[in-house]
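Comments concern the structure below.
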Amino acid sequence: MTADTLSTVHPVDQRLPSGKLAALGLQHVLVMYAGAVAVPLIVGRALKLSPDEVALLISADLFCCGIATLIQALGATQWFGIRLPVMMGVTFASVAPMVAIANANPGQNGAQLLFGAIIGAGVVSILIAPLVSRMLRFFPPVVTGTIIAVIGISLMRVGINWIFGNPVGPTAPALVDPVYAKWLAEVTSPGSSIPAVPKGFAIMPTVPNPKYADLSGFGVAALVLVSILLIVKYAKGFVANISVLLGIVIGAVVASATGLMTYEKVGKAAWVDVVLPFHFGMPQFDPVLILTMTLIMIVVMIESTGMFLALGEMTDRKITQKDLAKGLRTDGLGTLIGGIFNTFPYTSFSQNVGLVAVTGIKSRYVCVAGGVILVVLGLLPKMAALVESLPTVVLGGAGLVMFGMVAATGIRILSGVDFKTNRHNAMIVAVSIGIGMIPLIAPNFKQWMPHAIHSLIESGILLASISAVLLNLFLNGAKHDEEAVIAAARQAEAH
């Protein structure tokens, strides 16, 4: 391509030399990699899947990240793809409701319900994308900032449990006293004169569990966190941008040296394998679960809208209503593909939007190269097995940063909201965060409510979203301010 031709081609549509494309594409992949693999690890373990199946989720996730990125950056037909430098990844906003579904229905049955809900939400999202692109007025920065802050706060629980151990199961803080367990077994043995133990009877755990908050694991998590902070402080440019990934690598090296991490699963995994659809059987379509995931997708698509508008400004490309609809339809299509290939809802990754601003490289073909790299990584089971082998303490140290940055992004967006002359905004934030905390602090609050709505109300993110939208509508009305939305999206590059 000559200099004359380059000058007539918009920077977004410029095709760079292959070597440069590959290097810049890999840079985008490394920036998003830690965030991309975190969700299948969280949800796979919540579903109580085997290590091999969790590794399969990771491979499927990377593969679908690549496919969705290629559709979004390259474009597919007149309906899909905003044709901007966008990397697609699993949204953290969907984690809390997916974990709630997984906890209530572990195993293969839960996977079928979960992927059915994701497929249903993907189809609905494709259909309503043009409508959502006109709903910006209902999601000003005071609403999106509150929602993103609650997402981060809700996810912090996952990172903290990765470090210390889950509140239930083998890593719970306390165990049943073996003396009590032995006594109960003896008095209820066949031939005993003691009446049968009532159904549901259990001895309360009272003995401290040595596996909970183990100091060696805590030390590894602390090392990962300190490493990330040191890299952020002393490194510059690209190295600083992949500080979380480098922290995980340092943690993995130390965990290997101390025997906390082993590589048997990596040795057994195939070098190359194809990701197949419906691995866990045919999906089950539950209307309430589909509605829950659809509401999450509406929030995600509103956030994507702000991101696309901000990216249009960064790249000097005018984004029309039609372009927005194409981009949002691709969020829905990515989610549909994700459900079919045993993975999760997709959205544009804003840390990669931030990378476009940092590097100044506006070509969408850089993200096309990143998409190809992600597809290749998704076909390498050994890579997925390596990620699955990471001890949770390593991920916990990085999780504090990743999930904390999501909360910090919400706070940054809220920092641009007018609290001085509009006292209603403070009320919207205060009440919505309080309502969003209910499922975290009082998880059994729903026990006397109709069972059909449990999956709808056990997500604090969903409750906070509904609260923020309705309160903003009631107190502020629905004013359209595109500039404020773009400014909020620019603030959100860490989410």
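Accessible area of the chain with a 1.4 Å probe: how many percent of it is carbon plus sulfur? Don't jump to the answer; show the numbers that get you there.
Values: 14840 of 21740 Å².
Carbon plus sulfur share of accessible area: 68 percent.
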For the chain, averaging the sequence separation of alpha carbon pairs under 8 Å that lie six or more residues apart and dividing by its residue count, the contact order in percent is 35 percent
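What is the local net charge at MET437, summed over the other residues whose Cβ is closer than 15 Å to its Cβ (Lys, Arg +1; Asp, Glu -1)?
Numbers: positive: ARG157, LYS446; negative: GLU458.
Result for the neighbourhood of MET437: +1.
Pull out a ≥ b ≥ c, the square roots of the eigenvalues of the alpha-carbon gyration tensor of segment 110-239, then state rounded if a/c is under 1.5, prolate if not and a/b is larger than b/c, and oblate in the remaining case.
Details: a/c = 3.57, a/b = 1.56, b/c = 2.29.
Oblate, since a/c reaches 1.5 and b/c is not below a/b.
For segment 1-150, count all C-alpha to C-alpha pairs, find those more than 17 Å apart, and express that count as a whole percent of the total. Please list the in-between numbers first.
Values: 8193 of 11175 pairs.
Cα-Cα pairs in segment 1-150 separated by more than 17 Å: 73 percent.
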dims of segment 354-471, Cα set, principal axes, largest to smallest, nearest Å -> 47, 41, 28
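Sorted by mean Cβ packing within 10 Å, highest first, what order do the peptides 233-243, 133-143 take?
Details: 233-243: 13.6, 133-143: 21.1.
Ranked from most to least packed, the peptides come out as 133-143, 233-243.
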Cα-based Rg/(2.2 N^0.38 Å) for segment 277-385, rounded to two decimals, is 1.23
Degrees between helix 423-441 axis and first principal axis of the chain (Cα, 0 to 90, nearest 10): 40 degrees
Where does each of 63-75, 94-106 land if you order them by average Cβ count within 10 Å, highest first? 63-75, 94-106
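I'd like to compare 265-271, 336-342: which one has the highest average count of other Cβ atoms within 10 Å, and what's the full order after that? Spell out each step's value before the answer.
Working: 265-271: 13.7, 336-342: 23.3.
Put in order of decreasing packing, that is 336-342, 265-271.
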How far is the Cα center of segment 194-238 from the Cα center of segment 47-119, in Å? 27 Å
Per residue accessible area in Å² of the chain, where ligands, DNA and RNA are left out and the probe is 1.4 Å: 44 Å²
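Plugging the Kirkwood radius over Cα pairs into Stokes-Einstein for the chain, at a temperature of 10 °C and a viscosity of 1.306 mPa s, what D comes out in µm²/s? Mind showing how you got there, number by number?
Working: Rh = 23.6 Å.
The calculation lands on 67 µm²/s.
Would you mind checking the pairs LYS318/LYS382; LYS265/LYS362; LYS268/LYS326; LYS20/LYS318; LYS20/LYS326 and listing those with alpha carbons more than 31 angstrom apart? Could you put the intermediate results ahead of the total?
Details: LYS318/LYS382 42 Å; LYS265/LYS362 40 Å; LYS268/LYS326 42 Å; LYS20/LYS318 26 Å; LYS20/LYS326 28 Å.
Correct reply: LYS318/LYS382; LYS265/LYS362; LYS268/LYS326.
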What is the local net charge at VAL12, summed over the other residues whose Cβ is closer than 15 Å to its Cβ (Lys, Arg +1; Asp, Glu -1)? +3
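Can you tell me how much longer the chain between VAL232 and ILE441 gets when fully stretched, taken as 0.36 nm per residue apart minus their C-alpha distance, in nm with one decimal? Walk me through the numbers on the way to the answer.
Numbers: separation 209, 0.36 × 209 = 75.24 nm, distance 3.28 nm.
Extra length available between VAL232 and ILE441 comes to 72.0 nm.
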Sites matching chymotrypsin sites (Phe, Trp or Tyr not before Pro) across segment 155-219 that sit in DSSP coil, with at most 14 neighbouring C-beta atoms within 10 Å: PHE201
Computed [θ] at 222 nm, deg cm²/dmol, the chain (DSSP H ≥ 4; -39,500 (n - 2.57); rounded to nearest 500): -22000 deg cm²/dmol
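The values are calculated or read from the model by the stated rules, or taken from the named source; none is laboratory data. Model, not experiment: these values are computed from the prediction. Ideal geometry is used to build each Cβ from the backbone, glycine not excepted, and the neighbour counts take in all protein chains shown. What goes into the accessible areas is simple: the full protein's heavy atoms, side chains included, and nothing from ligands, DNA or RNA. Shrake-Rupley method; radii C 1.70, N 1.55, O 1.52, S 1.80 Å.
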